Every structure is written in structure tokens, then in C-alpha cells.
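The values are calculated or read from the model by the stated rules, or taken from the named source; none is laboratory data. Not measured: the values here are computed from a predicted model. As a convention, Cβ positions derive from the backbone with ideal geometry for all residues, glycine included, and neighbour counts pool all protein chains shown.
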Amino acid sequence: VSNVVRKEKSRHAKLPFITPTLQRAAYNRYKYPVKRTMQIAQKLYEGKELGEFGHVGLITYMRTDSTRVSDEALTEVREYIGNRYGAEILPEKPNVYKAKKSAQEGHEAIRPTTLDFSPDQVSAVLSKEQLSLYRLIWNRFIACQMKPALYDQMSVDFDADGGKIGLRATGSR
């Protein structure tokens, strides 16, 4: 062992979904082609019958290039995070993401319409595909308003064969 380095690293949460990032994440995670992802998202947007609550649209419009989130949604998600995970996870101010110059900003980012219906609460009325996509959107929206994740990162350098061969192992916790 020739060198050991420990660092604390932080990783900011990813932005809320826009159309292409949702399509990419759905493909990477579930192998849903773009067309299938948009069909599933359309069904979530159109909504489901939720008993006493009536017909409820579960996500905002899914064809958007904006990362903007309404003030009401920011208030709701910050309350949810504070109550569920504790105030220490919450940044002092809401995380606001800048849009690309080409973004039209006509719609909000893709997010749950309300946090009153968690994926577990609506799982009985959603298909497996709908539930997986809804959970993906839900988790990304919650995470986008949290403090950056902190990691302990360690790198260990090894010299072998009299210093001719150098190896490095890196891990995070």
C-alpha cells in the first residue's frame, strides 16, 4: 500500500424529470422504449379512479422541457420531506433549477400532482408498469428537494512488482 486518501464528497440530487430524462431513466431502469414510456405516462396523467377521491390525475403533463416547479408543489414537498425524513435533510431554501435557454417553460417539470397519493397507496389501481413509472417520478421529485448526499470516499494505491505496476481501489460509503 503506497497511499491512502479519504475525502468527503457530496452529490447533488438530479433535476426533476423533463420528457427526455424520464424516457432515458425509464429505459435504463426498466428497458421501456420511448413510445411505451409515453403511453404509460399518458395513463398516469389522465388519472385513475381513487374511490372517495374520485378520478385523480397522478402526474403533471409529461411533454415538457421545463424543470420549473410551482410554489405550491415546493411547499408541499418541503413539508413532506420535513415530516417524513426530518428537517436536517431539507435545504434552507428550495432547490431551484435553471432551465436551458431553449426551454419553452410552458409546463412544469414532470412530478406527482399531489403527495397525498404515494406509490404504495395507489399500487392497487395501477398496473405493474404504471406503478414502476409513478414510483420513478415520485422518488425523483422528492429527491430533487433534498440536501446533497454526503459520501466518505477512500482511495487506496497499491504498488506491485517493485513499483512497475500501480493499482488503485476506490470505494464510497
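When Gln153, Gln145, Gln121, Gln130 are screened for being of a type outside the set (D, E, K, R) and surrounded by fewer than 13 Cβ atoms within 10 Å (Cβ to Cβ), only Gln121 passes. Can we say Glu88 is surrounded by fewer than 11 Cβ atoms within 10 Å (Cβ to Cβ) and either within 20 Å of the chain's Cα centre (by Cα) or touching a residue at least 40 places away in the same chain (Cβ under 8 Å) (or both)? Spelling it out, Glu88 is indeed surrounded by fewer than 11 Cβ atoms within 10 Å (Cβ to Cβ) and either within 20 Å of the chain's Cα centre (by Cα) or touching a residue at least 40 places away in the same chain (Cβ under 8 Å) (or both).
Yes/no matrix, rows are residues, columns are (1) out of contact with any Leu (no Cβ under 9 Å at 6 or more places or on another chain); (2) touching a residue at least 12 places away in the same chain (Cβ under 8 Å); (3) not polar (S, T, N, Q):
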site: Thr67; (1), (2), (3): no, yes, no
site: Ala73; (1), (2), (3): no, yes, yes
site: Glu79; (1), (2), (3): no, no, yes
site: Arg84; (1), (2), (3): yes, no, yes
site: Thr113; (1), (2), (3): no, yes, no
site: Glu129; (1), (2), (3): yes, yes, yes
site: Arg140; (1), (2), (3): no, yes, yes
site: Ala169; (1), (2), (3): yes, yes, yes
site: Ser172; (1), (2), (3): yes, yes, no
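With respect to the conditions (1) loosely packed, with under 12 Cβ neighbours inside 10 Å; (2) at pLDDT 95 or above; (3) farther than 24 Å from Arg11 by Cα, Thr113 falls short on a single one, namely (1).
Filter the stretch 59-85 down to the residues that are of a type in the set (Gly, Ala, Ser) and buried (at least 17 other Cβ atoms within 10 Å of the Cβ), then identify the one that is nearest to Thr114 (Cα to Cα). Among them, the one singled out is Ala73.
All conditions but one from (1) within 17 Å of Leu15 (Cα to Cα); (2) modelled with pLDDT of 95 or more; (3) in contact with a Phe, Trp or Tyr (Cβ under 6 Å, 6 or more places away or on another chain) apply to Thr67; the one that does not is (2). Pairing each residue of the stretch 1-15 that is hydroxyl-bearing (Ser, Thr, Tyr) and at pLDDT 90 or above with any residue that is surrounded by 10 or more Cβ atoms within 10 Å (Cβ to Cβ) and part of a loop (DSSP other than H, G, I, E, B), provided the two are 6+ apart or on different chains, yields C-beta distances under 9 Å for Ser10/Lys147; Ser10/Pro148. Contact map, the stretch 22-41: residues that are under 15 Å from Gln130 (Cβ atoms) and touching a residue at least 60 places away in the same chain (Cβ under 8 Å) paired with residues that are small (Gly, Ala, Ser) and surrounded by 14 or more Cβ atoms within 10 Å (Cβ to Cβ), Cβ distance under 6 Å, separation 6+ or inter-chain. Pairs shown: Tyr30/Ser132; Tyr32/Ala26; Thr37/Ala26.
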